[in-house]
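Notes follow once the structure below has been shown.
The values are calculated or read from the model by the stated rules, or taken from the named source; none is laboratory data. This structure is a prediction, so every number in the text was calculated from the model and none was measured. Neighbour counts run over all protein chains shown; Cβ positions are idealised from the backbone, glycine included.
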Amino acid sequence: MSVLNKERGPVSDGVGAALTLGAVVAFAMIMYSTAWLCDDAYISYRVAENFLDGNGLRWNVVERVQPFTHPLWLFLNTAVFAVWRDGYLTWLAVAMGTSLLAVCVAALGLARNWGGAVLAVGLLCFSRAFMDYSTSGLENPLSYLLLGLFAAIFFRRQWGYGSLFALSLAASLATLNRMDTLLFFLPALAYAWLTLRGIRALFVVFLGFLPFIGWEVFSIVYYGFPFPNTAYAKLGTGIDSGELIAQGFHYLNYTLQRDPSTFIFLGLGLLVPFIARDFKAMLLSLGGLLYVVYVIKIGGDFMGGRFLAVPFLLSVILLSRLPMPISSPRTWIILGIGAAVSLSRPFSPPTTGQDFGERVYDLSVPASQGGFRDRIARLQYGWNAFENPQAAIVVPGFKDDSGVGDERRFYYQVAGLLQWQPGKEMPTHSYAQTGRQYRATQEKGPKIHGSVGFRGFFGGPSVYIIDSYALADPLLARLPARYAPNWRIGHFTREIPAGYQASVLDGPNVIQDRQLAEYYDILRLITRGPLFDPARLEAVWNMNTGKYAHLVDDDQYRFAGMRRMPQSSYADPKPEGTAWNAPGTLQLNLRGAEFQLGEAVHNSMVEASLDNRDTYRLLFMLGGKQVGKRDETIPPVPRGGLALVKIPVPLSAVRAGYDAIRVIPIPGGKEEKYALGHIRPL
């Protein structure tokens, strides 16, 4: 694949090619030093191992459940794993090889000239989001490659049915790799179809999408559902869309604060086509913008940068197509800005070494005596490092206040490639050790865990693991997440129904909630019954059309463990300063309590006595539906105990009326002893 319109003149093709090759080699070296694997990736690896061992595309071998979002990435890894059963090195080799190929496509197949190629690779090297997920074991590398191939086809000057088929096939494979990435391709693909139009063009698009259509047919027949189990687990949480959108903006802010180079050039790359009035580039940019909006809508992810890595690559591709040859100062100014911004923040990819994730910089060592990374660290952690060499260094936490985390930093010491050596079992995380113990003892389970990747893969096929985050569990994925004011994106814990743990193996269904037990019987027929049993096929249809939705009491499992009582039981005011555990007070756990008013009221103020210096969330309910929400921090009381407070009722609840008030403690107070003396509308 050759670079189009190579620069000629002051800088020869030979020099440009050498600089580009040097940039690609630098990328490969940085990728090697940053390479790692995350726990979530091992969810797919367990499915791959089960498949190769003849147990089917399954997580727990007794049931058909799709816990992975990336069928194509799974198949690629499974094919290599079938030949090279090392595991850890296999997964890393696939990820690194695919990412390197994607970077070569971007640099050699899409850049306008050698300057654009060097600029593209350089910006990728300094992006934490892109480098972090060039490995990790997740599907990003294949998304990179397929996006690059789609763009290379799309920017061709000649159009025909062959080009339309190639575009459709690339988009189909990318969608098969991760379904939501279809948004990247829709505007460009629609334009390509419109240039030809007609039934024949539509048929060509259909032919290109046959791989994805074929998978969907297989998924419905085999698993019983058109979407992966993870989609039901993450999108059916019961969390308000407004809260998710706010979390989505927190996700962007995380990247702005910790990976500003990615944030800046992501925005710049998506904006430039509109300034340059490059119509084709504008269509690709529109696809990138659609994806970013989608990421905001779903609340982003707990893995910082993961969902911005692919749009960042698209932005870099668009920037690389600007007419900036190597001899242009703008090329080096942009690249210099990217490097400076990246290196100005801690944990920039080029500074990664074996001690990444645990390194403590000795700022007492004079700058002139420190190594390169020590000097960079002084810049990253601020000028105070120069002014006060003895000052303790403040290292940013693994995750920010919104729950978005630096996953590579969290796992690097136990799953980073630089930690590997011959004969060493990797990863060394305690979750992996638990799994190895399960395999050694042939543990059957069922075991309840969150973060099930390492435990599941190393535990082997004999152990049944219930995923409390529901990614791999068919029933829990269809229950709402347990209500938590301080919920963390991507960690939506489900309440384990009474009797469920005893029902998941081959014994009888002993779930105590009889309606849910009926629902699970139907679900078990879908996930365990004969594939073409007419009763199963009927159940698949009915389940996907919502016929059985009434069997799940969402409120019961969303607010599991909440005490429910008449408000009249706690209507009498308590004196301020009453001890939090005095007779007549209600000690609250994190599940909270509901106070039923008996009828709908429209009062605009609520009086309550609550333990001081704690924060509580009040939910105003009408007929079991939330009509208002307010968080209230209780002021301190001089001698401690309960504080008497008057709390405004949200206008939405006043207008609609409310017949119950739910009081839920928000963790984070100094004592974390929660109590209520009384509550009443005024």
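Tabulated data
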| item | result |
| --- | --- |
| Filter result for PRO497 (part of a loop (DSSP other than H, G, I, E, B), over 21 Å from PHE51 (Cα atoms) and either without any contact (Cβ under 8 Å) to a residue 60 or more places away in the chain or not assigned by TED's automatic domain parsing to the domain that holds SER241 (or both)) | yes |
| Filter result for the condition that a residue is surrounded by fewer than 19 Cβ atoms within 10 Å (Cβ to Cβ) and at pLDDT 95 or above, over LEU57, LEU52 | LEU52 |
| LEU682 among the hydrophobic types (A, V, I, L, M, F, W, C) and exposed (fewer than 12 other Cβ atoms within 10 Å of the Cβ) | yes |
| Which numbered condition GLY238 misses (of (1) assigned to a helix (DSSP H, G or I); (2) of a type in the set (Gly, Ala, Ser); (3) surrounded by fewer than 18 Cβ atoms within 10 Å (Cβ to Cβ)) | (1) |
| Selection from segment 500-523 of residues that are of a type in the set (D, E, K, R) and in contact (Cβ under 8 Å) with a residue 40 or more places away in the chain | ASP506, ASP513 |
| Residue within segment 206-223 that is of a type in the set (A, V, I, L, M, F, W, C), closer than 18 Å to LEU147 by Cα and in contact with a Phe, Trp or Tyr (Cβ under 9 Å, 6 or more places away or on another chain) present | no |
| Contacts under 7 angstrom Cβ, first residue in segment 287-316 being in contact (Cβ under 8 Å) with a residue 12 or more places away in the chain, partner of a type in the set (Lys, Arg), 6 or more apart | PHE302/ARG488; GLY304/ARG258; GLY305/ARG128 |
| Breaking point among (1) under 30 Å from LEU619 (Cβ atoms); (2) in contact with a helix residue (DSSP H, G or I) (Cβ under 7 Å, 6 or more places away or on another chain), for ARG536 | (1) |
| From TYR223, TYR254, residue being under 28 Å from PRO346 (Cα atoms) and in contact (Cβ under 8 Å) with a residue 12 or more places away in the chain | TYR254 |
| Some residue of segment 555-570 being hydrophobic (A, V, I, L, M, F, W, C) and either part of a helix (DSSP H, G or I) or touching a helix residue (DSSP H, G or I) at 6+ places or on another chain (Cβ under 7 Å) (or both) | no |
| Some residue of segment 268-291 being of a type outside the set (A, V, I, L, M), over 23 Å from LEU124 (Cα atoms) and part of a helix (DSSP H, G or I) | yes |
| Flag for GLY162 being in the same structural domain as MET29 (by TED's automatic domain parsing) and either basic (Lys, Arg) or at pLDDT 95 or above (or both) | no |
| Candidates GLY198, GLY137, filtered to the one that is modelled with pLDDT under 95 and small (Gly, Ala, Ser) | GLY198 |
| Index of the failed condition, SER136 passing every other in (1) surrounded by fewer than 18 Cβ atoms within 10 Å (Cβ to Cβ); (2) touching a strand residue (DSSP E or B) at 6+ places or on another chain (Cβ under 7 Å) | (1) |
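Per-residue answers, yes or no, for (1) farther than 22 Å from PHE75 by Cβ; (2) surrounded by fewer than 22 Cβ atoms within 10 Å (Cβ to Cβ); (3) within 29 Å of the chain's Cα centre (by Cα); (4) not assigned by TED's automatic domain parsing to the domain that holds SER315:
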| site | (1), (2), (3), (4) |
| --- | --- |
| ALA152 | yes, yes, yes, no |
| ASN177 | no, no, yes, no |
| GLY198 | yes, yes, no, no |
| SER219 | no, yes, yes, no |
